[in-house]
Structures are given as C-alpha cells and as structure tokens.
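Everything on this sheet refers to the single structure shown next.
The values are calculated or read from the model by the stated rules, or taken from the named source; none is laboratory data. Source: prediction; values computed, not measured. Here the Cβ positions follow ideal geometry from the backbone for every residue, glycine too, while neighbour counts run over all protein chains shown. SASA here: full protein model, heavy atoms, side chains in, ligands and nucleic acids out. Shrake-Rupley method; radii C 1.70, N 1.55, O 1.52, S 1.80 Å.
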Amino acid sequence: MIINSAVRLLDKASEKYCDNVALTDENGSLTYGEYKKTAMNVAGGLLQYLDKSNKVKPVVVCMKKSKEMVCTFMGIMYCGGCYVPTQSDIPLSRLEKIVENLNPVLIVYDDTTKEHVLSANLQVKCVSYDMLSCSKANEQVIEQIVSQIVDTDPIYMMYTSGSTGVPKGVTVSHRGVVDYAIWTSKTFGFTQEDIFGNQAPFYFDNSIFDIYTCLLTGAQMNIIPESLFMFPSKLPEFIRDNGITTIFWVPTVMINVANSGALSLVKMPTLKNVLFCGEVMPNSALNVWRRDAGELMYANLYGPTEITDVCTYYIVDRKFDDNEKLPIGIPCENMKAIILTEDGKQAQKGEQGELCIGGSGVSLGYFNAKEITDKAFIQNPLNPYYHERLYRTGDICYMSEDGLIMYVGRMDSQIKLKGNRIELGEIENAAQCLEEIENACAIFDSENEKIFLFAETSHKLVLRKVNNELKKYIPKYMLPTELVCLEKLPHTANDKIDRVTLKKTYITGEIQ
Ligand code: AMP
C-alpha cells in the first residue's frame with residue numbers, strides 16, 4: 001500500500017500499538033493513542049490558521065525540545081502543512097532571514113520560547129502550543145486533507161548554514177521520510193520492544209531516524225534531556241536506567257562518553273544498537289565502546305541534510321585499528337551513490353571524486369532559492385536519457401577495492417564542529433555586520449577544533465564582546481573561539497583574502 005503522507009504512520013501506530021509508550025521526555029510519557037490524540041488536537045487548532053488551498057503551508061516550530069514539539073509536527077502534517085523546526089534560542093536575525101525566505105503561515109511557540117519569538121520583528125502570525133492543543137479536530141475534515149497529500153509534497157524544511165550568510169531551507173518530501181523509515185526498520189530489525197535514546201535536536205535531520213523509525217515500528221522514543229549532554233559520564237546511566245536499546249548519536253557525543261571513562265564503570269544490559277552519523281567517527285573512540293560496552297551492533301551512517309538524513313551505511317563487521325578509517329559503506333535501499341570526477345565521469349576504484357546521491361531520499365531542493373538549488377541538484381551526467389536528479393554533496397570520496405565508499409574530506413569551506421554543520425562564510429558575513437569590522441575571514445583549525453576569526457579593524461576588539469554581538473546573527477555553536485585583529489587582511493595576487501598566509505602565520509606557526 002502506498003503511504004502518501006508520513007502522518008499515516010501515526011494513524012497506523014495509534015491503532016496497532018495504542019497502549020505502547022510512544023514518546024517520553026523529562027516531564028512524562030505519551031502512549032501512541034495519546035500521541036495521535038494530541039496531534040489531532042493541535043491540528044484542530046491549526047486549522048483556524050491554515051486555509052485549505054493547495055499551496056505549500058510551512059509552519060515554523062520554535063519550541064523547547066519535548067514530546068509536545070513532536071506532536072506539533074504531526075498536527076501540522078494532519079493539516080497538510082510542512083513543519084520547519086528551529087532551535088529554541090535561534091538568533092532573531094536568523095529567524096528573520098528564515099521568515100523572509102519562507103513566508104510561513106504561522107510560528108508556533110511555547111512558554112519557554114514565547115518571549116524570544118515575540119521579541120522578533122516578524123510580520124507573521126505567532127501562536128502558542130497551549131492555544132493549539134486545547135482545540136478539537138473534525139476527523140472527517142482532517143481525513144479529507146490527508147487524503148489529498150501526494151507523497152512528493154514537502155513534509156519538513158530544515159535550515160542549514162549557507163555560505164552567503166543566508167540559511168538554506170532544505171525541503172524534504174513525505175516519500176523520502178517514509179522510504180527511509182522502512183529502510184531503517186528493515187535493515188536493523190527494530191520492533192515495538194525497542195527504546196530509542198534520542199540525542200539529535202529536532203532541527204537536525206538525525207532526529208528523522210528516531211521520530212519515524214519509532215512511528216513505523218511502534219518503538220518508544222525517549223528524548224534525553226538536553227542538559228545531560230553536558231555531563232557525558234551520566235549518559236550510560238541514563239541508557240541503563242531507561243532500558244534504552246538503540247542510540248543514533250553524533251560521533252562527538254560518543255567520543256565524549258568514551259573519554260569520560262563511564263563505559264567501563266556502568267553496564268548497559270539493554271543496549272543493542274549503536275548507530276552514528278554526521279561527522280567522521282574516529283576508531284580510537286569506537287574501539288573504547290567496543291571494548292567497554294561490548295560487541296554490539298555498531299553502524300556508521302552517512303548523509304547530508306539535503307538527503308533524507310542518511311544515504312549510505314556501514315555495519316561495522318571487523319576490528320579496526322585506532323588509526324584506520326571507517327568506511328561510509330554502501331547506499332541504502334532506494335538510494336544511489338555515484339562518485340564523479342571533475343570531468344563528470346564515474347571515478348575508478350581508488351580514484352577520488354565528488355560523492356553524488358540519487359534516489360527517493362533526495363530532497364526537493366532549497367526552498368525559494370532556485371539558483372543555489374540548480375547548482376547543487378544536477379542531472380545525472382551518466383544518464384542522457386531522462387530526468388534524474390543527483391545531489392552534489394561536496395564530499396570527496398573514493399570506492400575501496402572491496403566496494404565500500406570511503407570519506408576523505410570536503411571540497412569547500414563547510415566544516416563540522418561537534419556534529420554541527422557550519423559554513424565559514426556565514427560567520428564571515430555575520431562578522432561584517434558589526435560596525436567595527438571592515439572585513440572578516442574565518443578559518444578552521446581542525447587539529448584543535450577551533451574557529452579563528454580574522455577581523456580587519458582599526459579597533460581593539462575582544463572575543464567576548466564580539467561574540468556577544470555575533471550571537472544576534474549566528475547560533476552559539478558557530479561562534480569563533482579565537483579572534484585576531486589586523487589593520488589589513490593579507491591578499492593574494494588576484495585580490496582574494498590570503499587564507500594560506502593567515503593559517504600559516506597564526507594557526508600552524510609555519511610562518512614566523
Ligand atoms: P549535515 O547536513 O549536518 O547532516 O552534514 C552533512 C555532512 O556531514 C556531510 O556532507 C559530510 O561532510 C559530513 N558527514 C555526515 N556523516 C558522515 C560520516 N558518517 N562520516 C564522515 N562525514 C560525515
């Protein structure tokens with residue numbers, strides 16, 4: 001049977017697993033029955049704002065991470081809308097840029113985010129979760145709306161860092177999400193007995209794995225309190241005390257837990273599946289897990305936001321030395337991974353090229369941004385016969401002798417810091433908004449995981465004050481860790497900022 005909308009998964013789960021615990025957070029739990037009821041109530045409230053016309057209906061959700069936030073996503077889908085999750089403390093200037101690009105129907109806030117959202121200068125209707133959830137939905141009206149959804153319609157948009165300073169709204173389809181959930185549950189054999197320990201923020205696409213795999217299988221999603229991630233040594237206890245069977249975390253969190261030493265002290269008898277995605281997973285840390293947490297199912301998943309979460313995977317099936325690299329593996333079902341050389345040909349085994357992704361998980365593109373969409377989503381150059389979209393990941397990869405894709409690095413200045421995707425250009429753009437800064441250049445010191453901001457300025461600036469200003473434009477995880485003030489930034493012969501000289505002078509010390 002074709003599932004035209006991912007919210008059909010909630011319909012099914014609420015029948016099949018009505019009394020199973022579906023969502024848990026620090027304030028309690030909801031069963032699948034209650035999950036659907038709450039989502040329907042939210043839908044009832046939303047219907048007052050969303051008209052029934054056929055246009056895209058984006059709804060921004062700026063709430064504290066909670067089970068209510070997930071119910072809001074589902075409520076939006078019941079109304080034929082698509083949800084746009086943001087950080088609860090999203091910088092207002094970023095929110096304004098998103099609103100300008102998106103022209104949303106509505107912004108949903110809760111008690112924690114109310115003041116923040118309402119202090120922004122937005123020409124959009126804002127409404128509280130409490131208002132929405134105390135409504136009632138007409139089931140027939142909802143059914144009629146859901147039956148009109150086509151599986152290629154957008155389900156969510158996630159805004160990711162843009163090098164020009166404007167975040168890009170990756171628009172993903174229902175089909176991508178449903179296919180992905182079918183693949184995850186089949187590949188890893190999840191059942192209603194599973195309990196997922198959710199780490200990923202809901203504005204980060206790793207959360208799609210948790211939300212929709214649970215929906216499809218009747219498993220429970222336990223939203224780990226965000227504050228706990230500041231104390232990685234406590235995470236194994238959380239896993240043990242909550243009977244968690246499955247985690248899908250960014251490697252940074254797994255590394256922090258490995259370094260905390262807690263894995264050798266706390267037994268986690270229920271834990272079976274350890275999956276990770278979002279950045280390179282060093283084998284030195286994975287080997288600590290394998291030694292101390294045991295030989296569980298470990299899997300390295302790979303995928304950019306522009307694909308529905310994940311497009312390749314590798315189930316760890318042998319011992320790796322600390323300094324070896326983990327493959328990112330093979331394509332997921334219904335996905336295609338092609339490595340293209342600079343001249344658009346398929347790379348030979350061992351030859352490096354850009355990883356390009358095709359298949360049902362490829363997103364619909366960047367919302368309301370045709371030019372950048374056309375650059376990143378291209379016709380498959382190996383297929384001259386019909387329209388076949390590929391997403392150019394910007395990741396340099398090669399195919400190993402045994403047919404596994406190996407990740408090498410980036411082709412551009414996009415970086416990953418603690419699992420967060422950052423375009424250095426977005427930091428530079430934000431810095432240039434500050435009055436005292438004439439010109440700016442951001443460079444990543446990958447060895448020490450530091451972002452250097454080089455500012456052309458005649459003022460004596462201090463990092464703390466600069467960051468206080470930058471916080472208005474960019475999220476906290478993008479803030480520079482070092483500031484170097486220069487009267488003039490060095491330039492190359494063709495008048496570009498000389499990044500190499502800056503790096504060698506101030507970061508590696510190769511130029512004295
Ligand atoms: P995001 O859009 O935040 O999911 O970031 C996507 C980028 O993260 C990819 O293009 C890669 O550069 C990197 N990435 C994701 N998963 C992995 C992985 N398993 N190994 C190495 N890099 C990864």
Failed item in (1) hydrophobic (A, V, I, L, M, F, W, C); (2) touching a residue at least 40 places away in the same chain (Cβ under 8 Å); (3) in contact with a helix residue (DSSP H, G or I) (Cβ under 6 Å, 6 or more places away or on another chain), with V60 passing the rest: (3)
Of the conditions (1) within 16 Å of the ligand (Cβ to nearest atom); (2) modelled with pLDDT under 95; (3) surrounded by fewer than 15 Cβ atoms within 10 Å (Cβ to Cβ), G419 fails just one. Which one is it? (3)
What number of residues within region 295-311 are more than 8 Å from the ligand (Cβ to nearest atom), modelled with pLDDT of 95 or more and not β-branched (V, I, T)? 5
Would you confirm, using the coordinates I've provided, whether Y386 is of a type in the set (F, W, Y) and crowded, with 20+ Cβ neighbours inside 10 Å? no
In region 159-178, which residue that is part of a strand (DSSP E or B), within 16 Å of the ligand (Cβ to nearest atom) and not aromatic (F, W, Y) is nearest to the chain's Cα centre (by Cα)? T160
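Can you go through V257, V253, V274 and tell me which one is open to solvent by less than 10 Å² (accessible area, probe 1.4 Å), among the hydrophobic types (A, V, I, L, M, F, W, C) and within 16 Å of the ligand (Cβ to nearest atom)?
Residue meeting the stated conditions: V274.
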Can you tell me how many residues in region 466-479 are surrounded by fewer than 19 Cβ atoms within 10 Å (Cβ to Cβ) and in a loop (DSSP other than H, G, I, E, B)? 3
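Do we have S400 as polar (S, T, N, Q) and modelled with pLDDT under 95 here?
No: the conditions fail for S400.
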Looking at region 232-240, is at least one residue in contact with a Ser or Thr (Cβ under 7 Å, 6 or more places away or on another chain), open to solvent by 10 Å² or more (accessible area, probe 1.4 Å) and part of a loop (DSSP other than H, G, I, E, B)? no
Does E482 qualify as being surrounded by fewer than 17 Cβ atoms within 10 Å (Cβ to Cβ) and either in the same structural domain as S93 (by TED's automatic domain parsing) or touching a Cys at 6+ places or on another chain (Cβ under 9 Å) (or both)? no
Hey, L453 hits all of (1) under 30 Å from A200 (Cα atoms); (2) open to solvent by less than 30 Å² (accessible area, probe 1.4 Å); (3) out of contact with any strand residue (DSSP E or B) (no Cβ under 7 Å at 6 or more places or on another chain); (4) not in a helix (DSSP H, G or I) but one; which does it fall short on? (3)
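I195: open to solvent by 10 Å² or more (accessible area, probe 1.4 Å), more than 16 Å from the ligand (Cβ to nearest atom), at pLDDT 95 or above and in the same structural domain as M63 (by TED's automatic domain parsing), yes or no?
Spelling it out, it is not the case that I195 is open to solvent by 10 Å² or more (accessible area, probe 1.4 Å), more than 16 Å from the ligand (Cβ to nearest atom), at pLDDT 95 or above and in the same structural domain as M63 (by TED's automatic domain parsing).
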Filtering helices (runs of 4 or more DSSP H) wholly in region 1-110 for at least 3 residues that are open to solvent by 10 Å² or more (accessible area, probe 1.4 Å) gives 7-16, 32-46, 92-102
Consider N429 carefully, then state whether it is away from the ligand (no atom under 16 Å from the Cβ) and either in contact with a helix residue (DSSP H, G or I) (Cβ under 9 Å, 6 or more places away or on another chain) or aliphatic (A, V, I, L, M) (or both). no
Residue ID - nearest to the ligand (Cβ to nearest atom), chosen from residues in region 438-450 that are open to solvent by 10 Å² or more (accessible area, probe 1.4 Å) and either over 23 Å from G509 (Cβ atoms) or not in a loop (DSSP other than H, G, I, E, B) (or both): F444
Is it the case, given these coordinates, that Q140 is without any contact (Cβ under 8 Å) to a residue 12 or more places away in the chain and open to solvent by 10 Å² or more (accessible area, probe 1.4 Å)? yes
Of all residues in region 140-193, how many are among the polar types (S, T, N, Q), under 23 Å from C214 (Cα atoms) and in contact with a helix residue (DSSP H, G or I) (Cβ under 8 Å, 6 or more places away or on another chain)? 5
Identify the single condition in (1) open to solvent by less than 30 Å² (accessible area, probe 1.4 Å); (2) within 16 Å of the ligand (Cβ to nearest atom) that F204 does not satisfy, given that it satisfies every other one. (1)
Starting from residues that are of a type outside the set (S, T, N, Q) and outside any strand (DSSP E or B), keep the ones in region 456-465 and report whichever is most open to solvent (accessible area, probe 1.4 Å). K460
So S264 passes all but one of these: (1) more than 16 Å from the ligand (Cβ to nearest atom); (2) touching a residue at least 40 places away in the same chain (Cβ under 8 Å). Which condition number does it fail? (2)
Is it true that some residue in region 127-139 is outside any strand (DSSP E or B), more than 20 Å from M69 (Cα to Cα) and more than 19 Å from the chain's Cα centre (by Cα)? yes
